[in-house]
Amino acid sequence: MAKELGVETYKVYEEEHLLHYKNGSRTHFRPGSLPPTWNPLAVLDLNNIMRKIDKMGKEIPVGAPWEAPHAQEWDKMTFKQFLNETCWTKTVKDFSMLFINVNVTSEAYEASLLWFLWYVKQCGGTKRIFSTTNGGQERKFVGGSQQISEKLAARLRDKVVMNSPVVAIQHNSMEVVARTVDGREYKGSYVILAIPPSLHMKIHFTPSLSPLRNQLIQRAPMGTVMKVIVYYKRTFWREKGFCGSMIIQGGDDHPIPFTLDDTKPDGSHPAIIGFILADKLRRLAKLTGEERKQLVCQSFAKALDTDEALKPVHYEEYNWMAEQYSGGGYTAMFPPGALTMYGRELREPVGRMFFAGTETATSWSGYMNGAIQAGERAAREILYSLGKITRDMINREEPVFIDIPGVPFTTTFWERNLPSVGGFITLMSLIIAIGATSGAALWYNKYAK
């Protein structure tokens, strides 16, 4: 889409080492890898949990996760319950909590295991979704992402109506009528609702939505996230050998768990960007912007071990929870039971009403890619209703974009074959038991006879 509209992209800067900071300890690691740990049991544990998430995800159909063989079982569990049953070490449990915070702006105790496994799977797996280089965070738009919306709107000229929230939709077998908050009416043959499911509750439908869709829109809250950008005079973190990508673990005195370098591609406006997420934001939302700024800068100063982080030239934050027409971000979150019971309603048309929005996507749902995929799919559903295309064209796959290929991630022999902590303990117990049995047998043969 960016290429079609003439908008260039650039890679997020990630040349030097990434930094992992926790409890006063700093470790460096390279792009495409996870933070190292000196605890051998944690190494086994971390490898196992990521491998297990990917393996379980392979069972889940991206277009119908409720049809997965273990859908009912997994949808009744939270991701936290899964971690409690799977993880052996606090190190890995804490990192897994951060992993879900960063990716879906929700807590592990809130989210359905099935939904989170599906979300990671349809974003390409654990490595793709969490990586910057060759991953979900690799690229930004030169000049900002709003250009995509502006250039699409320019093609439609005066057909785009701004600042006119729809508060009512009347629909029948012949037409739909949308009424805005200022009393204007717009009539059409069809309507596409490309909004988060929960925002449907701001619209009065005549006749009412189906019972299951009425229930669905009450059970898919938006994630909790605030975007923060801290600007500095220079990229001092690069001089210290860091690229700006940091994983920072700690309490509320470390508000942002994951950062990226947000310096412009020409080197201007040095900045670090990150998000305050989930429960941490719910607690810190009551602070003033200045208080949050101080916390963020103090956190960066501790992680990077420099007072220069305490001297920003500018600070920006945006609380998506306060946005009336999203209520949060990046996407809707599905709690236990919602996906298997109501998931089929996500994309199911209601008369002449069709549904888009990133939550309805089957690839990169929660991202701009997913939003575009969903919009084009909803448009094709209407084209099919008009008899202009065949049914098999509705869910056609987009061609691979060869200009910026997604390079396959390779797994090492050890990533594939290292045992879990439980497997390692079982193996060691077996070795000890065999050794003890062999020793007893040797002693018997030598002395007891």
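Since every read-out is calculated from the coordinates, none of them should be taken as a lab result. Keep in mind that this is a model prediction, so the values were computed, not measured. We place every Cβ from the backbone using ideal geometry, glycine too, and count neighbours over all the protein chains shown.
For residue 145 and residue 175, what does the FRET efficiency come to when R0 = 45 Å and r is the distance between their Cβ atoms, rounded to the nearest 0.05?
On the way: r = 34 Å, r/R0 = 0.77.
Step by step, r from the Cβ atoms, then E = 0.85.
Let me check I've understood the local charge: for residue 26, count other residues with C-beta under 10 angstrom from its C-beta, Lys and Arg +1, Asp and Glu -1. What total comes out?
+1
What distance in nm lies between label points placed 7 Å from Cα along the C-beta direction at residue 386 and residue 363?
2.4 nm
If the convex hull of the alpha-carbon atoms of the stretch 1-77 is projected onto planes in all directions, what is the mean projected area in square nanometres?
So the Cα hull casts an average projection of 9.4 nm².
Can you compute the charge dipole magnitude of the stretch 233-330 about its Cα centre, using +1 on each Lys and Arg Cβ and -1 on each Asp and Glu Cβ, nothing else charged? Give it in debye, rounded to the nearest 20.
60 debye
Straight-line reach from residue 140: which lysines fall under 22 Å, measuring Cα to Cα and dropping same-chain residues less than 8 apart?
Leaving aside lysines fewer than 8 places away in the same chain, those within reach of residue 140 are 3, 11, 127, 151, 227, 233, 264.
About its Cα centre, what dipole magnitude does the chain give when the only charges are +1 on Lys and Arg Cβ and -1 on Asp and Glu Cβ, stated in debye to the nearest 20?
Computed about the Cα centre, the dipole is about 560 debye.
For the stretch 15-157, with the dipole built from +1 on Lys and Arg beta-carbon atoms and -1 on Asp and Glu ones, taken about the Cα centre, which of 42, 156, 83 lies farthest toward the positive end?
In the stretch 15-157, that residue is 156.
Would you please state which residues of the stretch 231-270 a label at residue 15 would reach in this model, taking the label point 7 Å out along Cα→Cβ and a backbone N cut-off of under 16 Å?
Label zone hits: 234-245, 261-270.
List, largest first, the extents of the alpha carbons of the stretch 1-160 along their principal axes, each in whole Å.
58, 43, 23
Can you compute the label reach from residue 206? Point 7 Å from Cα along the Cβ direction, backbone N cut-off under 20 Å, restricted to the stretch 347-371.
Answer for this model: 350-354.
How big is the stretch 232-288 by the Kirkwood estimate over distinct Cα pairs, in Å?
Result for the stretch 232-288, one decimal place: 12.6 Å.
Can you tell me how much longer the chain between residue 395 and residue 182 gets when fully stretched, taken as 0.36 nm per residue apart minus their C-alpha distance, in nm with one decimal?
Value of the extension gain: 73.0 nm.
Please say if the stretch 78-222 is rounded, prolate or oblate, where rounded means a/c under 1.5 for a ≥ b ≥ c the square roots of the C-alpha gyration tensor eigenvalues, and otherwise the choice is prolate for a/b larger than b/c and oblate otherwise? Write out the running numbers ahead of the final one.
Values: a/c = 3.29, a/b = 1.64, b/c = 2.01.
It is oblate, given that a/c is not under 1.5 and a/b is not larger than b/c.
How big is the dipole moment of the stretch 88-181 about its Cα centre under a simple scheme where the beta carbon of each Lys and Arg is +1, that of each Asp and Glu is -1, and everything else is neutral? Debye, nearest 20, please.
Using Cβ point charges on Lys, Arg, Asp and Glu, the stretch 88-181 gives about 340 debye.
Let me know the Rg and Dmax you get for the chain when you use only its Cα atoms, in Å.
When restricted to Cα atoms, the chain yields Rg and Dmax of 25.2, 102 Å.
In Å, what Rg and Dmax follow from the Cα atoms of the stretch 258-379?
19.2, 61
Compare the Cα positions of 423, 405, 330 along the charge dipole of the stretch 308-449 (+1 at Cβ of Lys, Arg; -1 at Cβ of Asp, Glu; about the Cα centre) and return the one farthest towards the positive end.
423
Using 0.36 nm times the number of residues separating residue 426 and residue 379, minus their current alpha carbon distance, what extension gain do you get?
Gain in length upon complete extension: 11.4 nm.
Need the list of lysines near residue 121 for cross-linking: C-alpha distance under 19 angstrom, and skip anything on the same chain fewer than eight residues off.
By straight Cα distance, residue 121 reaches 52, 55, 58, 76, 80.
I need the Kirkwood Rh of the stretch 57-137: take the reciprocal of the average 1/r across all distinct C-alpha pairs and report it in angstrom.
13.0 Å
Along each of its three principal axes, how wide is the spread of alpha-carbon positions in the stretch 197-337, in whole angstrom units, largest first?
Projected onto the principal axes, the Cα atoms of the stretch 197-337 cover 62, 33, 26 Å.
Using only the Cα atoms of the stretch 320-418, what do you get for the radius of gyration and for Dmax, in Å?
Answer for the stretch 320-418, Rg first and Dmax second: 17.6, 55 Å.
Along the charge dipole of the chain, which of 393, 313, 368 sits closest to the positive end, that is, farthest toward it, with unit charges on the beta carbon of Lys, Arg, Asp and Glu (+1, +1, -1, -1)?
Most positive-ward Cα: 393.
Any chance you could run the full-extension gain for residue 313 through residue 215? It's 0.36 nm times the residue separation minus the Cα-Cα distance, nm to one decimal.
30.5 nm
Which FRET efficiency value, to the nearest 0.05, do you get for residue 434 and residue 109 by plugging their Cβ-Cβ distance into 1/(1 + (r/R0)^6) with R0 = 51 Å?
0.75
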